[in-house]
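First up is the structure itself, then whatever we jot down about it.
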Amino acid sequence: MNKSNNQDNLLEKIVSLAKRRGFVFQSSEIYGGLNGCWDYGPLGVELLNNIKSEWWKAMTYREDIEGLDASILMHPKVWEASGHVENFTDPMIDCKQCKSRYRLDVLGDSINEKKKVKAIQELKESVKNNNTLQTKVDEILNNSGDEDPFERLLEVQELSGMLLQQLNCPQCGNKGTFTDARKFNLMFKTFVGPVEDSGAVVYLRPETAQGIFVNFLNVQGASRQKLPFGIAQIGKAFRNEINTKNFLFRTREFEQMEMQFFVKEGEDKKHYDYWKAERLQWFKNLGMTPDKLRYHDHPANKLAHYAKEAVDIEYEFPFGWGEIEGIHNRTNFDLSRHEEFSGKSLKYFDEQAKEKYIPFIIETSAGASRSFMAFLVDAYYEEEVKGETRSVLKFHPRLAPIKAAIFPLVNKDGMPEIARKIETDLRKSFRVFYDDKGAVGRRYRRQDEAGTPYCITVDTQTLDDKMVTMRERDSMEQERVSIDQLSGYLLNKLHND
Ligand code: ATP
């Protein structure tokens, strides 16, 4: 079998399959689309719901985590306390010639290595007569370790402007046309009520986490939880990303699956390590290829202002490694800030220790839509079968949008009636699909592309022995299963494998 996940045009193939089979459509497509927004079609919404439901079960079907669904619009002070009004910015540059806009910190992705090397050479030339700048450049070039020196040079304010002057705009090709970097806040603003003045400004939440922090004591009190315990939430988040690209990877509207675990200071490291391992395992349990998953620990100098320790779980997408989930030790930053800004105590009373304190928080923050993309890419295979190419989505059965398809071999001799009866019975517990069009081989291929793990065919023999042919998607092996055991068979496959 041929695994085709190395092909250059893999992403294009997946985007096209996603559209053709109704996984994902461009938002407002008939009007030319809206950048950074996507719609989930009939198969897509099933896959997305299954991912969210697996996450919800893994995170909240346990004693020490409670669920929450907080509102998207929150009091504007929340975002002052969280630091988003001040710090949730990306450095942005524009091309004066063609008006293209870029995020400075990822500009390097759009420029080839040769051009970067040349630009660095030219930068070295231009700082020759300035000792301070020359030392800075040399320091970076000699000490960048694993990091890209080009990116590090762009981070230094005095150097980034000079380096930008040596570059050609990736869009129009003109040299020296970039503006200086400006801070661009990624939060979408809107207004509450009829008056659109500054007093009525609210933001679409850029993360679900803050809804959890401000409800910490509400949830703790109502559920009578004791530390350590967590609060989990799935919901939409919005970020006005400067560049959206790579399909669902970076979008302006997306969904997050976040859990904040409240712990006593001093026990934070233990819980951080536990969740780090647990979250990677979750992706593996749902069939994601282990070799395509890795940790990326944040070096101390790259940690967010609130974090003590942070790691990304990365997946190897066709365009390279990218974060799908972040695990952060947020210390007591969030609750302390909300206490300060709201004037309300957010301290926890520890009955055992008879002391009051602000807990530390270990956060697990995954993108539902980014995970969707990772699961979709990971599931896609092309294989040669009897001289033909078969495209198949090898989803874990629990994630598969349709669990089983039911076919009558031919549309006569009582087969459709038996098949319809099976469909009605199975539909009570599973999402199934009935198909009586075309040769059975073709029907299999259609289900392979949709990722359906089981196909059930009612054939001539069924009329005698009340058994059907069960064909498994990945191995394409077939076995006979008794009609009255079908439901149990599927349940077993979904829950025990
Ligand atoms: P990135 O560096 O890729 O912008 P981030 O570090 O800002 O991501 P977090 O704020 O930690 O991301 O968000 C947690 C998770 O939310 C990410 O791991 C990702 O799965 C998801 N996410 C963040 N931004 C987006 C986006 N624009 N589109 C889709 N998913 C996103």
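Binning the C-alpha pair distances of region 103-196 at 10 Å intervals from 0 yields a P(r) profile of 14, 45, 23, 8, 7, 3 %, listed from the shortest bin outward. Of the chymotrypsin sites (Phe, Trp or Tyr not before Pro) found in region 5-111, those in coil by DSSP whose Cβ has at most 15 other Cβ atoms within 10 Å are TYR61. Contact order, relative form, for the chain: 14 percent (alpha carbon pairs under 8 Å, 6 or more residues apart, mean separation divided by residue count). For the Cα trace of region 15-55, dividing Rg by the Kirkwood Rh returns an Rg/Rh value of 1.04.
The H on the amide N of TYR434, modeled in the peptide plane, is under 5 Å from the matching H of ILE406, each at least 5 residues off or on a different chain. For region 381-438, place one equal point scatterer on every Cα, skip the solvent, and apply the Debye formula. What is log10 of I(q)/I(0) at q = 0.21, 0.27 Å⁻¹? For region 381-438 at q = 0.21, 0.27 Å⁻¹, log10 I(q)/I(0) is -0.89, -1.01.
Each residue, CYS98 and LYS115, gets one label point 7 Å from its Cα in the Cβ direction; the gap between the two is 0.9 nm. Quick one: Cα centre-to-centre distance for region 473-497 and region 204-232, in angstrom? Each part's Cα centre sits 40 Å from the other's. D by Stokes-Einstein for region 395-497, Kirkwood Rh over Cα pairs, 10 °C, 1.306 mPa s: 118 µm²/s.
Karplus-derived 3J(HN,Hα) values for region 416-425, using 6.51 cos²θ - 1.76 cosθ + 1.60 with θ = phi - 60°, are x, 4, 4, 5, 5, 5, 4, 4, 4, 5 Hz; glycine and proline are entered as x. For region 319-439, dividing the convex hull volume of the Cα atoms by the residue count gives 234 Å³ per residue. Applied to region 290-300, the Karplus parametrisation 6.51 cos²θ - 1.76 cosθ + 1.60 on θ = phi - 60° returns per-residue 3J(HN,Hα) values of x, 5, 9, 10, 7, 8, 10, 6, 6, x, 3 Hz, with x for Gly and Pro. Full extension of the chain between ASN218 and LEU491 gives 94.5 nm of extra length, using 0.36 nm per residue less the Cα-Cα distance.
Centre-to-centre separation between the Cα atoms of region 244-272 and those of region 51-130: 14 Å. In vacuum, with every alpha carbon of region 360-410 counted as one equal point scatterer, what does the Debye formula give for log10 I(q)/I(0) at q = 0.18, 0.24, 0.27, 0.28 Å⁻¹? Two decimals, please. Evaluating at q = 0.18, 0.24, 0.27, 0.28 Å⁻¹ gives log10 I(q)/I(0) of -0.80, -1.01, -1.06, -1.08. Across the protein chains, with a 1.4 Å probe defining accessible surface, the residues CYS37, CYS98 rank CYS98, CYS37 from largest area downward.
Backbone amide hydrogens, once placed in the peptide plane, bring THR331 within less than 5 Å of LYS308, ILE361, excluding anything fewer than 5 places away on its chain.
A Förster distance of 25 Å, applied to the separation of the beta-carbon atoms of VAL106 and ASP138, puts the FRET efficiency at 0.50.
Loop-resident GluC sites (Glu not before Pro) (DSSP state other than H, G, I, E or B) in region 313-373 with no more than 10 further Cβ atoms inside 10 Å of their Cβ: GLU351. For region 116-194, GluC sites (Glu not before Pro) are listed when DSSP marks them as loop and at most 14 other Cβ atoms sit within 10 Å of their Cβ; the list is GLU147. Translational diffusion coefficient of region 32-162 (Stokes-Einstein, Kirkwood radius from Cα pairs, 37 °C, 0.692 mPa s): 164 µm²/s. Using a cutoff of 8 angstrom between alpha carbon atoms and counting only pairs six or more residues apart, the relative contact order for region 313-377 works out to 37 percent.
Rolling a 1.4 angstrom probe over the protein heavy atoms with all chains in place gives region 152-238 an accessible area of 46 Å² per residue. Subtracting the Cα-Cα distance of GLU63 and GLN171 from 0.36 nm times their residue separation leaves 33.6 nm of extension gain. Computed log10 I(q)/I(0) for the chain at 0.12 Å⁻¹: -1.20, from the Debye equation with unit scatterers placed on every C-alpha and solvent omitted. The residues of region 370-457 expose on average 39 square angstrom of accessible surface per residue, using a 1.4 Å probe on protein heavy atoms. Here the simple spin-label model places points 7 Å from the Cα toward Cβ, and for TRP56 and LYS347 these points are separated by 3.7 nm.
Applying a 4.7 Å cutoff between beta carbons, the unpaired cysteines of the chain are CYS37, CYS455. Using θ = phi - 60° in the Karplus curve 6.51 cos²θ - 1.76 cosθ + 1.60, the 3J(HN,Hα) couplings for region 41-55 round to x, x, 6, x, 5, 5, 4, 4, 4, 5, 4, 5, 5, 5, 5 Hz; x is entered for Gly and Pro.
Remark on TYR380: its backbone amide H falls under 5 Å from those of LYS394, a criterion applied only to residues 5 or more positions apart or on other chains, H modelled at 1.01 Å from N.
Roughly how many percent of the accessible protein surface of region 294-370 is carbon and sulfur, given a 1.4 Å probe and a whole-percent answer? On region 294-370, the fraction of accessible area on carbon and sulfur atoms equals 47 percent. Projected label points at SER336 and ASP464, each 7 Å from Cα along the beta carbon direction, are separated by 7.9 nanometres. Counting only Cα atoms, region 102-156 measures 30, 20, 18 Å along its principal axes, largest extent leading.
The values are calculated or read from the model by the stated rules, or taken from the named source; none is laboratory data. Quick caveat, the model's predicted, so the values are computed rather than measured. Quick reminder, even Gly has a Cβ in these numbers, built from the backbone with ideal geometry, and neighbours come from all protein chains shown. Just so you know, the surface numbers come from the protein's heavy atoms only, side chains and all, with ligands and any DNA or RNA stripped out. Shrake-Rupley method; radii C 1.70, N 1.55, O 1.52, S 1.80 Å.
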